[in-house]
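Asks: Got a structure here, written out as structure tokens. Questions coming.
Any read-out appearing in this document is the output of simple, stated calculations on the displayed coordinates, not a laboratory observation. All values derive from a computational prediction rather than experimental measurement. A quick note on method: Cβ atoms are made from the backbone with ideal geometry, for glycine too, and the neighbour counts reach across all protein chains shown.
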């Protein structure tokens, strides 16, 4: 579980760094400004979509269990579903902390704005990756 979170974080961070580099090269602040204004709302919306999608997936799993598939076969799936919810709630909290640090007037340490922008972008990318994984689960179940 920790390994999968670390993998997702570093992949999200890598994508965010590349995006930040590209944005810096064209001297655009649009994405950063947009995320500062909207990331928490976007993440809450993505969480709602994730929960609704997981409800559909759980319904399909319940149908499979009713048809004789062992519920034990879905224990890892259930753990991953719960993990995705926890990750998204954690990302919302992380975004709030990052936004608070970006707006803070008296910090006991100095944080470069580009670091905070990259971390905010990392939260956004990670949230999208969770949504993508959840959407993939629907297609896996449809094929079952």
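Asks: Counting other beta carbons within 10 Å of each residue's own, what order do 53, 118 fall into, fewest first? Spell out each step's value before the answer.
Replies: Numbers: 53 17, 118 20.
Least to most surrounded, the residues fall as 53, 118.
Asks: Turning to a different aspect of this structure: Output the 0 to 90 degree angle, nearest 10, between the alpha-carbon long axis of helix 2-25 and the longest principal axis computed from the alpha carbons of the chain.
Replies: With rounding to tens, the tilt is 40 degrees.
Asks: Going by alpha carbons, how many degrees (0 to 90, nearest 10) lie between the helix axis of 75-103 and the longest principal axis of the chain?
Replies: For helix 75-103, the angle is close to 10 degrees.
Asks: If each of residue 138 and residue 49 carries a label point 7 Å out from its Cα toward its Cβ, how far apart are those two points in nm?
Replies: Output for this residue pair reads 0.9 nm.
Asks: Taking 0.36 nm per residue of sequence separation and subtracting the Cα-Cα distance, how much length would be gained by fully extending the chain between residue 64 and residue 33, in nm to one decimal?
Replies: Working: separation 31, 0.36 × 31 = 11.16 nm, distance 4.56 nm.
That works out to 6.6 nm of additional length.
Asks: Okay, moving on. Could you give the distance between the Cα centres of region 65-99 and region 123-144, to the whole Å?
Replies: 11 Å
Asks: How many nm is it between the label spots at residue 89 and residue 112, if each spot is 7 Å from the Cα in line with the beta carbon?
Replies: The two pseudo-label positions are separated by 3.5 nm.
Asks: Among 107, 47, 83, which one shows the highest mean-square fluctuation when the chain is modelled as a Gaussian network with alpha-carbon springs under 10 Å?
Replies: Result for the chain, Cα springs under 10 Å: 107 fluctuates most.
Asks: Go through [x] 35, 15, 13; [y] 24, 20, 13; [z] 30, 20, 14 and flag the label whose value is the computed semi-axes √(5λ) of the Cα gyration tensor in Å for this structure.
Replies: Matching the structure shown: [x].
Asks: While we're on this one: Springs between alpha-carbon atoms under 10 Å, Gaussian network over the chain: tell me which of 104, 48, 22 tops the mean-square fluctuations.
Replies: Sorting by GNM fluctuation, first place goes to 104.
Asks: Further question on the same structure: Tilt of helix 113-143 relative to the longest C-alpha principal axis of the chain, in degrees (0 to 90, nearest 10)?
Replies: With both axes taken from Cα atoms, the answer is about 10 degrees.
Asks: In what sequence do 66, 33, 133 fall when counting other Cβ within 10 Å, fewest first? Walk me through the numbers before you get to the answer.
Replies: Working: 66 8, 33 11, 133 15.
Fewest-to-most ranking of 66, 33, 133: 66, 33, 133.
Asks: As a footprinting exposure proxy, order 136, 67 by other Cβ within 10 Å, with the fewest listed first.
Replies: Values: 136 10, 67 7.
The most exposed by this proxy come first: 67, 136.
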